[in-house]
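First up is the structure itself, then whatever we jot down about it.
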Amino acid sequence: MESIKYNYTQTGKFKAEQDVSKYLKYAQDSRVMSSSFTNKSNYRSLAIVPDIVAIDILNRFGYDIHDGDNDQHVLSKIASIIKRYYPNLLTSSMINSVRR
């Protein structure tokens, strides 16, 4: 996977980019695979989150998805954010209702 590339624009603003095409492909392949699982009671991955998206979630919503101290409430909020704003990163074909 590609790391984040950053630079400053001509106006002096900070700009960060990351090629997420491999993440999107992985998520799509995972959704296809998960739709064929017959045992739906096992835990499954929710999403694959590139670093650039983790930074965006932190900046826009104030949630650090890598914080090991996140409680269930915070994890539910993060899941809702991913489902609403980054649905192509979901790795499961089972999508519960999204709270808006």
Checklist entry - Quick one: what pairs do we get from the stretch 1-17, first residue closer than 16 Å to Asn59 by Cα, second not in a strand (DSSP E or B), C-beta under 6 Å, 6+ apart or different chains? => result Ile4/Gln18; Ile4/Asp51; Ile4/Ile52; Lys15/Thr9; Ala16/Ile4
Checklist outcome for this item: Per the list (1) at pLDDT 95 or above; (2) surrounded by fewer than 16 Cβ atoms within 10 Å (Cβ to Cβ); (3) not β-branched (Val, Ile, Thr), residue check on Pro50 breaks on (2)
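The values are calculated or read from the model by the stated rules, or taken from the named source; none is laboratory data. In this text the structure is predicted, and so the values were computed from the model without any measurement. Here the Cβ is made from the backbone with ideal geometry for all residues, glycine too, and neighbour counts use every protein chain on show.
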